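Below is one structure, written out as structure tokens, with a few remarks after it.
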Amino acid sequence: MAPMPASGRAFLLALALLLVVPSCGVAEGLSTGYYAKTCPGVESAVRSVVARAVTAEPRMGASLLRLFFHDCFVNGCDGSVLLDDAPPGLVGEKGAGPNAGSVRGFEVVDAAKARVEAACNATVSCADVLALAARDAVALLGGPAWEVRLGRKDSRAASQAAANANLPGPGSSLSSLLAAFAAKGLSARDMTALSGAHTVGRARCATFRGRVNGGDANVNATFAAQLRQSCPAATTAGSDAALAPLDAETPDAFDNGYFRELTQQRGLLHSDQELFGGGKSSQDALVRKYAGNAAEFARDFAKAMVKMGNLAPAAGTAVEVRLNCREPN
Ligand code: HEM
């Protein structure tokens with residue numbers, strides 16, 4: 001992007017400071033028709049870019065969905081996860097433990113944003129582009145569609161500390177998963193439905209090594225033995241990065257296969273299997289219900305995605321419509 005004159009930067013900074021989010025926690029003022037007059041083509045612009053990317057590589061749909069979760073759980077859906085370590089002094093969230101070496105999809109967000117900027121300059125936030133991309137990704141993989149409420153603004157800062165603190169890890173117990181989601185105003189039912197995102201995508205051996213190498217009792221023995229072939233107990237750089245599908249049965253289809261796998265003790269991550277403890281988990285009944293009723297899962301997932309998408313930055317956060325999703329204006 002061409003360098004902007006100092007006066008332009010000063011104007012954008014002043015604008016950013018004026019755009020202060022009114023409430024803490026849940027966004028006010030989001031609406032499905034937010035860009036109806038200012039950027040009527042935004043939804044089709046994002047969809048066409050995401051469709052091309054997901055057709056070329058179905059896993060990209062999963063990666064975009066995860067990116068949205070990692071945005072929303074860290075100081076609200078404000079595009080903070082998209083920021084690079086730039087300008088000097090800004091420490092982005094990409095280097096946080098739950099993100100480093102595993103979050104992906106930034107080039108697709110950049111391409112969608114570029115398409116949107118070409119149609120309506122400086123109008124649509126990166127946070128909204130990501131919200132639309134996640135919705136489109138799920139639909140393209142065969143999952144439910146929902147109306148995305150728009151009008152989010154982009155943060156001018158990131159928080160690696162908040163990313164480390166707020167994003168649950170693969171070793172989490174059920175009680176810590178429930179607490180992490182409750183801290184965001186999301187119920188146990190929302191948590192279980194949203195975990196169903198693991199019906200698509202891949203995870204690195206580093207995140208499930210313990211589970212398949214004797215560290216877990218609640219695991220199907222044949223399943224663990226298969227995974228040990230590419231994810232042995234001994235840590236090596238190569239095996240750390242070896243990928244396995246989060247839903248072995250249908251890894252690129254957004255269906256209820258993940259829940260069926262849980263009922264067979266075939267959840268890939270320890271945190272996945274915590275949702276179904278063979279009679280000991282408070283989520284057992286819901287997991288069984290979703291395993292047997294794809295429509296109910298689809299409905300609850302869409303509802304919970306809307307709820308998660310309403311998470312907003314704290315009051316007083318300086319925000320803007322970022323021009324380049326990787327850097328504040
Ligand atoms: C419940 C707590 C959750 C935990 C502990 C968790 C943890 C993880 C981990 C460890 C990975 C693999 C990352 C790696 O290879 O390093 C992963 C992948 C993934 N997560 Fe989650 N996650 C959770 C919830 C969610 C939610 C709520 C969503 C979306 C709504 C989501 C979407 C995904 C997707 C789609 C992938 C695959 C990404 C890809 O293939 O690029 N996760 N998750």
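The values are calculated or read from the model by the stated rules, or taken from the named source; none is laboratory data. In this text, all values refer to a predicted model and were calculated from it rather than measured experimentally. Don't worry about glycine lacking a Cβ; one is built from the backbone with ideal geometry, like all the others, and counts go over all protein chains shown. In case anyone asks, the SASA skips ligands and DNA or RNA and just uses the protein heavy atoms, side chains included. Shrake-Rupley method; radii C 1.70, N 1.55, O 1.52, S 1.80 Å.
Can you give the angle from 0 to 90° between the axis of helix 106-119 and the longest principal axis of the chain, with both taken from C-alpha atoms, to the nearest 10?
That helix lies at roughly 30 degrees to the long axis.
Per residue of the range 295-304, what does 6.51 cos²θ - 1.76 cosθ + 1.60 with θ = phi - 60° give for ³J(HN,Hα)? Whole Hz please, x for Gly and Pro, Karplus curve as stated.
Whole-Hz 3J(HN,Hα) from phi for the range 295-304: 5, 5, 4, 4, 5, 5, 5, 4, 4, 5.
Whole angstrom only: what separates the Cα centroid of the range 281-329 from the Cα centroid of the range 114-132?
Comparing the Cα centres of the range 281-329 and the range 114-132, I get a distance of 20 Å.
Under a GNM of the chain (C-alpha, springs under 10 Å), which listed residue has the highest mean-square fluctuation: SER44, SER155, SER125?
Maximum fluctuation in the GNM of the chain, among the listed residues, is at SER44.
Compare ASP216, ASP300, ASP284 in a GNM of the chain, Cα atoms joined below 10 Å, and give the one with the largest fluctuation.
ASP216
Got a number for carbon plus sulfur as a percent of the range 174-306's accessible area, 1.4 Å probe? Intermediate values should be presented prior to the final figure.
Details: 2970 of 5430 Å².
The nonpolar share, carbon plus sulfur, comes to 55 percent.
Helix-only estimate, please: 222 nm mean residue ellipticity of the chain, summing -39500 (n - 2.57) across DSSP H runs of length 4 or more and dividing by its residues, to the nearest 500.
Values: 14 runs with 143 residues, N = 329.
Calculated from helices alone, the mean residue ellipticity at 222 nm is -13000 deg cm²/dmol.
Amide H to amide H, which residues 5 or more places from ALA203 or on other chains are under 5 Å from it, using H placed in the peptide plane?
ALA244, LEU246
Round to the nearest 10 and give me the degree value, 0 to 90, for the angle of helix 42-56's Cα axis relative to the longest principal axis of the chain.
Helix 42-56 sits roughly 40 degrees off the main axis of the chain.
Under a Cβ-Cβ cut-off of 10 Å, what is the net charge of the residues other than LEU262 that fall near it, where Lys and Arg count +1 and Asp and Glu count -1? Don't skip to the end; give the middle numbers.
On the way: positive: ARG260, ARG266, ARG288; negative: ASP247, GLU261, ASP272, GLU274, ASP284.
Around LEU262, the surrounding residues sum to -2.
Could you state the accessible area per residue of the range 185-277 in Å², with a 1.4 Å probe and every protein chain left in place? Kindly include the intermediate steps, with their values, before the conclusion.
Details: 3480 Å² over 93 residues.
Each residue of the range 185-277 exposes 37 Å² on average to a 1.4 Å probe.
Could you give the angle, 0 to 90 degrees to the nearest 10, between helix 6-18's Cα long axis and the longest principal axis of the Cα atoms of the chain?
Approximately 60 degrees, to the nearest 10.
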